[in-house]
Amino acid sequence: MKLQQLRYIWEVARHDLNVSATAQALYTSQPGISKQIRMLEDELGVEVFARSGKHLTHVTPAGEAILRIAGGILQQTDAIKRVAQEFRDETKGELSIATTHTQARYALPPVIQQFTRHFPDVSLHMNQGTPMQISEMAADGGVDFAIATEALDLFSDLVMMPCYRWNRTVVVPEGHPLTQVKPLTLDALAEYPLVTYVFGFTGRSKLDDAFAERGLEPKVVFTAADADVIKTYVRLGMGVGIVAHMAVDPVEDKGLVNLDAGHLFEPSTTRIGFRKGTFLRGYMYEFLQLFAPHLTRERVDAAVHAGSREERDALFAGLDLPVR
């Protein structure tokens, strides 16, 4: 059994059993990968992948168990490489992040700008996706950090830590009747078509919960994962926009009026996390603290060693998280 063979089966599984795409990603040949997988299966005496002709169709039950172990082995080999690199040159390396558009567009730019000034020899890679995609990328070791607000149950394999709280704002075109409603109410919002986030994105569940508690059914006519797209359709007159407060820029969003809605919805908490067992290099600790100043090395290490999510959350209980 070779480490390369474990890498091949792991990557093939990550690429939806597409051997051609895997070969391109690994800069090797498709026949070479297929041959190594067959050699591994012959050695083990079981099939990792079921086949129909020359095509892989699904992961076998034995393959699922093997892939789980292979993933852990590959993570540990990556950790060994990181340890060596940290001692060889602590200022060089790579850092990959998976997050949603709102975080990438509005929360991360100043953090990344400061980080790259401190660590010019660290290559940064940004991946955007749904909470499901983000959790999968982090759990599979495809990225170092996951940053998300919604669907935390998807992140059970990760060490997730709170970063900051935020709430929503309502955006309408200038002259819209809602600009005269003071204070703004959910009943007033329910009278208009709404343009907001796709369910599962950027705190959308808090919005739905607020209307449900009032016995109201919002008229959501258009949804998107991107706050900029939402604002575009508000300008077109599609409806009233509800976006994260951080996603409104007084300069860039001329023609739109920002109506604070913090009193209408429960605040949401954005978290950052990484796969359990990840070796954190020095610059990774620095990134965490730049993004959330209370995430000191000591606090992060304590979160890593916490036995459960409840114990981890207790470490941050009582912290006055920043608001954005």
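The values are calculated or read from the model by the stated rules, or taken from the named source; none is laboratory data. Bear in mind the structure is a predicted one, so any value in this text is a computation, not a measurement. Neighbour counts run over all protein chains shown; Cβ positions are idealised from the backbone, glycine included. Remember, those area values only see protein heavy atoms, side chains included, never the ligands or the DNA or RNA. Shrake-Rupley method; radii C 1.70, N 1.55, O 1.52, S 1.80 Å.
Output the residue which, of all residues in the stretch 59-91 that are small (Gly, Ala, Ser) and surrounded by fewer than 18 Cβ atoms within 10 Å (Cβ to Cβ), is nearest to residue 2 (Cα to Cα). This residue is 72. Every condition in (1) out of contact with any helix residue (DSSP H, G or I) (no Cβ under 7 Å at 6 or more places or on another chain); (2) closer than 30 Å to residue 93 by Cβ; (3) modelled with pLDDT of 90 or more; (4) of a type outside the set (Val, Ile, Thr) holds for residue 276 except the one numbered (3). Reported count of residues in the stretch 1-31, each being of a type outside the set (A, V, I, L, M), under 18 Å from residue 70 (Cβ atoms), open to solvent by less than 70 Å² (accessible area, probe 1.4 Å) and assigned to a helix (DSSP H, G or I), is 6. So, in the stretch 261-282, how many residues would count as being of a type in the set (Ser, Thr, Tyr) and in contact with a Cys (Cβ under 8 Å, 6 or more places away or on another chain)? Looking only at that region, the number is 2. For residue 195, the conditions (1) in contact with a Ser or Thr (Cβ under 8 Å, 6 or more places away or on another chain); (2) under 26 Å from residue 321 (Cα atoms) are fulfilled apart from (2). Figure legend. Inter-residue proximity from the stretch 279-305: first residues under 15 Å from residue 113 (Cα atoms), second residues of a type in the set (Gly, Ala, Ser) and assigned to a helix (DSSP H, G or I), beta-carbon distance below 9 Å, spacing 6+ or different chains. Indicated pairs: 291/107.
Based on this model, can you work out whether residue 56 counts as part of a strand (DSSP E or B) and surrounded by 13 or more Cβ atoms within 10 Å (Cβ to Cβ)?
yes
For the stretch 215-241, the tally of residues that are within 10 Å of residue 171 (Cβ to Cβ) and either without any contact (Cβ under 8 Å) to a residue 60 or more places away in the chain or out of contact with any helix residue (DSSP H, G or I) (no Cβ under 6 Å at 6 or more places or on another chain) (or both) stands at 5.
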